[in-house]
Structures are given as structure tokens and as C-alpha cells.
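> Below are the C-alpha cells for one structure; questions will follow.
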Amino acid sequence: MIELWIDGYRIDVEPERISQTFQNNTLGDVKDRQLNFTNTIKVYSTGLNERFFGHLLELNNQSDKPYKYLPAKIVEDGLEINVGSATITKSNDEYVELHIYSGNNSLYESINNKSILDLDWSDLNHELTHAIAQNSFDGSLPYIYALSNQTTLTNRDGYLENWLPSVYEWWIFNKIFEEAGFEYEGDLFSTDDFKEPVINPVTFDADEVNMLNRDFSKFMPDILQTEFLREIYFRYGLVFSKERNENKYKFYQLKDVFRNRDGAVDWSDKFVSIDEKTYSLGDYAQRNYFRYATKEGYNGNADGYFSIDADNLPQTKTVATSNYTVNQRVNRYDVLVFPIFEYDDESNLQIADIEPTISTIEYLPGPYSTNSDGGFGPSYPDDVPYLRFTNLNWQKFISENYYEMEKVADKAKTITAIMYLSPIDIYLLDFHKLAYIKSLSSYFYIDSINNYQSGKTVKCNLVRIPPNVFSEQEATNTAPTVELFASPMSLDQGSTVTFTHNVVDAENNVESWVLDFGDGQSQTGFGLPPSTITHIYNAPGNYNPVLTVTDFEGLTGQGTVSVTVNDTFVVTFNSNTGEYNAPPGSTVVVSGNIGGTGNPTSNFAAGNSPTATIGQPGWSTYGSRQLAYNHPTGYYSSFPSSDQFVF
């Protein structure tokens, strides 16, 4: 039973009109973070639906429902398999059309078109003193006054009036989620890699009279919150999803998802067949670049790329471009330079707007004394923070976070699998767990489930994870070993032979197989061959069937066995008339226990046909048949009037 609920109202809808597509983070383009969605659902006017839609069908209605995200859910057999938002697209005199979106849309709805400058910075704002600057040196605050050259006058370096703080990226990330009303979790967020980067100031309020006043919303860069988050997704190869019925997002790194073979779900019994296979992943190129924003004088030395070995792909593509430019300029004291406070020859101050930059902190030995127009502050005895552009090269992030992705994309294999998924499968669906299909001897990343309808098979796009992803080192692929067995190995034509096999692939990497029976017929399949395969040979002879098994890297193994098929034919014999029919050139011998005594021999001849010979009394075996004829009353008297014998 399927129910549709919108904004707390049960909606009348025909279940067969609802099909759902589930997708999370496409591997075809890492910058896309996709949503689950339904097809266009037509909700017809009924008494029940009128309670919700009201007079929406009337032209002059005042309803704001078409302009809002409406809470919605699809319930199947008591399970909330899709919880998200409904959007009304159009209506007419008969029905209202709508879609339901779920997944990560709640976060985007909350932060869409908002800048990081729209965040509440009030907890950070302050009037700068020597003590505040020095208290930030150990990195325990959300901001840090790291040494840098922010003025064109060298004798003003270190003056509080010309010194703006940098803000830790983690604090901005946390603030976005906090103000949007969401929690988040993930292993990455406790690492130094995530906690180290800082975002630098880009300007100062020219109308500010108090040069020591620090209003963060006045000097931090104007970056959309969605773009700020996307930068972090790029850098660390993150995928994420919202927990059902919770305002919490769980984050994973793709490399961890790909490696987690032990956490895979077993979809072996849900697999029906393969609809098609493709040999590329999205629209990647041979070289896929991650770049910093361009600026005059930047030579791209902090950019990076990963490669795919495929001649038929475009040569290059820019996958991701940073919000930040690269600042590697230092003064003679090896201090990073980005002058916001510009002074002319007469020491008149001008405020500059510079491009957004990102840095890390390097600590150098103290002591250090801060300065201001009011005089020197106390000497700081410990290590002093300096702004640096270190450990921020894109190639570093690619090497650390996209190595597994590169293996998956290189010689990529994506299948469209026909699956039978139940409502509980959809309810428990977790895109961050691999799916294992035994008959294909492979693990897959679930890319999407397309047009799911209860009780029907569904097409699933699955990206194969090659075995070398599960190894810390590059694995050496070996070819499968194959043994083929037949039972029986000698049989009559028209009889059934059963083939079994012993296929071993060290990397659990079998893609397909073909069994050539040697008589012009063959059987093929994906994954491992079935445990038994039967075949009927309709012509006599010696055959050497061959089982060929191919792994996903293109290596093959073969096994063969010899099968002998005996010549057989049918004889129709009439004991009363002596007439029979047999292939030319053959001899038919019939023996019978005729009773009494004597040594009867009699030949029945029929023109130029072969001879039928009655030999000594007893039992005889012909081909696969044993014949016994008992004649208690005399010669031939109890032979059947006619019979068929197979030889």
C-alpha cells in the first residue's frame, strides 16, 4: 500500500502514478550533489484532495502553496521510503502536477543565495588589543592573528591598526550548518587536514573610524555558502546524505566508501540481469584538472589533475575551480604579502579590495612583540604563527583523496542492472555502502535507482569497483584459472551431458564467460558460470568443448574436456514378417531366449537392406538398451509383432 502525504495531509493518488528515482552523489561529475525525486505526479481533484489544495484550481485563488517547499513523504507498507519536499509545477481544471524531492535539498533550501557574510559573526567581533592578538596565536580561537604583511609600509608591519585576522575554515563550515538548523558528523572533521586552513581577509571598512574595531562581516570575502561548502567537498572528495527524520547530515569520503568492502550489502538475490554495460564514467577527460582561481602572474603551479587511460576521451577538462586565488608572494622577511592597507608617498591611507585567498599556519620561534600607535605590547615568548601557502596544492588533495576514484574511472565499467527491490530495500537504502552481487563476482557503487515502482523490477546504475581499490598498493592482476568437467564423457547422441567447472580468480574479478560446446552452439553469461550447464549433442563424434572466463581487466582463462558422442539409430522390426528398417551398411543382431533346445539361426532378408540375424539364445545389450525375449512355446512365437530398438 502506497500513501502520499503533503504538509500533513493524506493525498488521494493512484499508486501506479508514482515512480521514484533515488540518487545521491554521482560519480560522473564530482561537483554534482544530486537529489532524489519522483516523476511528475498528477493529483486529481477529489473531496479529500480539496481539503489540502483548496481553491488552487481557480485562477484568482490566493494560495501560496505553488511558491513554497511543502513537507512531503511517500509511505509504502508503513515505511517512509521518501521524505522530502513537494513542489507544485502546474494545475488545470482536473488535476495538480507536483514533484517530490528529497535527500540533500533541505540544506540547500536553507542556505540558497546566502553569503558567508550573512552569517552571524557577532561572537567573533572585538576591538583589537595586544592581549587579544596574542591570545589567538595558539590557534585555540576561531580566528588567528597570524603574521603577514597587510600594508604597503614596511614600518607598519605588526601594527594592530593594520592587522586583520584570518578565520579558520572549520568555524565557517560549522556556522553554516548551525544557522541552517542542522548537525553534521564525519571522520574528516576531527583531522588536522580539515582544521588547518584559514580564510584570509580581503578588505576593510573604509568608513570605520576606529582602526582597531574588528567587524568580521566587513572584511571577510563575499562567497556564497553553497560555493564555500562545494569547495570543501571538492578538496576532500566528500559525499553526504541527510539522516531520515533527523536534522543531521553524515559525511563520508569517497575513498572510504570505495574501500569499505566489509560493509557492503548483499544484493545477490535481488539481481535479475544486466540490461547494458558502458565503458566510461560521466564526461571525464584524459586529464581532469582541479584549479585555483586565475589571477595575473599565477602560473598554475598549485593546480592538480588525475588521469584516465582512454584514448577516446577529450584531452583535458576542468572538474573543479576554487573560490580562492593562490598567494605565494612573500617579502624580504619571508612574510606573506597581501596589502589591504595601502599608503601613498604622503602616508595617506587607501583601502584595497583583494581577491579571496586561503592559507595554512606555520609556527616559527618567538619571542615576538606586537606594536600599535599606542606603543609596544608585551613580548610573546612562544612560537609565533605565520601565514603560509603550504599543504594546499590541489595535487596533494588529489593524491590523498582521489586515488581510489582514479582507479574506478580508469577503464570504468558501469552496468544498468535489472533488480527486484522491495520497499524494505528502499527504506534501508544507503548510497554510502557498496552492493555485492555474487553472480557478477563484483562490488558496485550504487549510482542511481531509476523509476522505482513497488512490485516491479527497476533499473539500477551500478559502478563497478575494481579489486585493486581494496588494496593499499597497486594490485597485480592475474588471469582466471579454469577447469571443465563433463558427465558422462561418453554418451549416445540425443542424450544430455552435464558440465561442471572449477573457476578460480585470485582477485574475485570475473566479468563474463562463454562455453563453446564444439558443435556450433555456445552459452554465455556475466560473472561466474552457473554451477551446472547441460547440453544435448545431436550428432555423433568427438567434441572438445571450451569454457573461457574473462576478468574485468581483459585477462582470460580456459578449460576444456573431451566428449564422445556415440552413433545411434532406430530399427523397426516385425517378427511375424521379418521386415525391418535400418540405415544402409549396418548390421542388426537380435538375440532371444527361445526355450527348448537347438541352435536356431535364421536370417531375414529384405531386398538390399542389411541383415537381421537371430543368434544364440541369451541376453544381449545393444547401445544403451538391453533386450530380452523369452519364447517358451517355440521359435519366434512370442516375439512382439513390431518394436523399435535404439542402437
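The values are calculated or read from the model by the stated rules, or taken from the named source; none is laboratory data. None of the values given here were measured: they were computed from a predicted structure. Because the Cβ atoms are built from the backbone with ideal geometry, glycine has one as well, and the counts that use them run over all protein chains shown. The area values use the complete protein model at the heavy-atom level, side chains included, leaving out ligands, DNA and RNA. Shrake-Rupley method; radii C 1.70, N 1.55, O 1.52, S 1.80 Å.
> Does segment 283-309 hold any residues that are open to solvent by 50 Å² or more (accessible area, probe 1.4 Å) and out of contact with any Lys or Arg (no Cβ under 8 Å at 6 or more places or on another chain), and which are they?
If the condition is that a residue be open to solvent by 50 Å² or more (accessible area, probe 1.4 Å) and out of contact with any Lys or Arg (no Cβ under 8 Å at 6 or more places or on another chain), then Q286, R291, T294, K295, E296, G297, N299, N301 are the ones that fit.
> Is there a residue being within 35 Å of the chain's Cα centre (by Cα) and modelled with pLDDT of 75 or more anywhere in segment 28-38?
There is no residue in segment 28-38 that is within 35 Å of the chain's Cα centre (by Cα) and modelled with pLDDT of 75 or more.
> Of the residues G103, G84, which single one is at pLDDT 70 or above and in contact with a Lys or Arg (Cβ under 8 Å, 6 or more places away or on another chain)?
G84
> Can you find even one residue in segment 404-420 that is under 30 Å from G78 (Cβ atoms) and either open to solvent by 40 Å² or more (accessible area, probe 1.4 Å) or out of contact with any helix residue (DSSP H, G or I) (no Cβ under 9 Å at 6 or more places or on another chain) (or both)?
Yes - at least one qualifying residue is present in segment 404-420.
> Something else: Residue check: is M211 closer than 24 Å to L336 by Cβ, of a type in the set (A, V, I, L, M), out of contact with any strand residue (DSSP E or B) (no Cβ under 8 Å at 6 or more places or on another chain) and in a loop (DSSP other than H, G, I, E, B)?
yes
> Working only within segment 88-132, note down all residues that are assigned to a strand (DSSP E or B), open to solvent by 30 Å² or more (accessible area, probe 1.4 Å) and not charged (D, E, K, R).
Passing the criteria: T89, S91, Y95, H99, Y101.
> Name every residue in segment 498-514 that is open to solvent by less than 30 Å² (accessible area, probe 1.4 Å), of a type in the set (V, I, T) and farther than 14 Å from T560 by Cβ, in order of residue number.
V510
> Scan segment 254-272 and give yes if some residue there is hydrophobic (A, V, I, L, M, F, W, C), under 14 Å from I437 (Cα atoms) and open to solvent by 60 Å² or more (accessible area, probe 1.4 Å), otherwise no.
yes
> Moving on to the next point. Since N312 meets every condition but one in (1) closer than 30 Å to K407 by Cα; (2) open to solvent by less than 70 Å² (accessible area, probe 1.4 Å); (3) assigned to a loop (DSSP other than H, G, I, E, B), which condition does it not meet?
(2) is the only condition that N312 fails.
> Sticking with this one: Sort out which residues of segment 284-320 are hydroxyl-bearing (S, T, Y) and under 13 Å from E355 (Cβ atoms), and write them in order of number.
Selection gives Y292, T294, Y298.
> Additional query: Name the residue, out of F204, F189, that is open to solvent by 10 Å² or more (accessible area, probe 1.4 Å), within 39 Å of the chain's Cα centre (by Cα) and touching a residue at least 12 places away in the same chain (Cβ under 8 Å).
Exactly one of F204, F189 is open to solvent by 10 Å² or more (accessible area, probe 1.4 Å), within 39 Å of the chain's Cα centre (by Cα) and touching a residue at least 12 places away in the same chain (Cβ under 8 Å), namely F189.
> Output the residue which, of all residues in segment 162-174 that are open to solvent by less than 20 Å² (accessible area, probe 1.4 Å) and not in a strand (DSSP E or B), is farthest from K248 (Cα to Cα).
N162
> Considering only residues that are modelled with pLDDT of 95 or more and out of contact with any strand residue (DSSP E or B) (no Cβ under 9 Å at 6 or more places or on another chain), look in segment 216-230 and name the one that is most open to solvent (accessible area, probe 1.4 Å).
Only one residue fits best here, namely K218.
> Tell me whether segment 231-240 contains one or more residues that are in contact with a helix residue (DSSP H, G or I) (Cβ under 6 Å, 6 or more places away or on another chain), open to solvent by 10 Å² or more (accessible area, probe 1.4 Å) and not β-branched (V, I, T).
no
> Scan segment 515-554 residue by residue and report those that are open to solvent by 70 Å² or more (accessible area, probe 1.4 Å) and of a type in the set (A, V, I, L, M, F, W, C).
Selection gives F526, I536.
> Quick check: anything in segment 178-186 surrounded by fewer than 21 Cβ atoms within 10 Å (Cβ to Cβ), out of contact with any helix residue (DSSP H, G or I) (no Cβ under 9 Å at 6 or more places or on another chain) and part of a helix (DSSP H, G or I)?
yes
> Does segment 439-454 include one or more residues that are at pLDDT 90 or above, in contact with an Asp or Glu (Cβ under 8 Å, 6 or more places away or on another chain) and of a type outside the set (S, T, N, Q)?
Taking every residue of segment 439-454 in turn, none turns out to be at pLDDT 90 or above, in contact with an Asp or Glu (Cβ under 8 Å, 6 or more places away or on another chain) and of a type outside the set (S, T, N, Q).
> State yes or no: is S522 over 20 Å from W267 (Cβ atoms), in contact with an Asp or Glu (Cβ under 6 Å, 6 or more places away or on another chain), without any contact (Cβ under 8 Å) to a residue 24 or more places away in the chain and polar (S, T, N, Q)?
yes
> Against the condition aromatic (F, W, Y), farther than 20 Å from A409 by Cβ and either in contact with a helix residue (DSSP H, G or I) (Cβ under 7 Å, 6 or more places away or on another chain) or modelled with pLDDT of 95 or more (or both), how does F251 come out, does it pass?
Yes.
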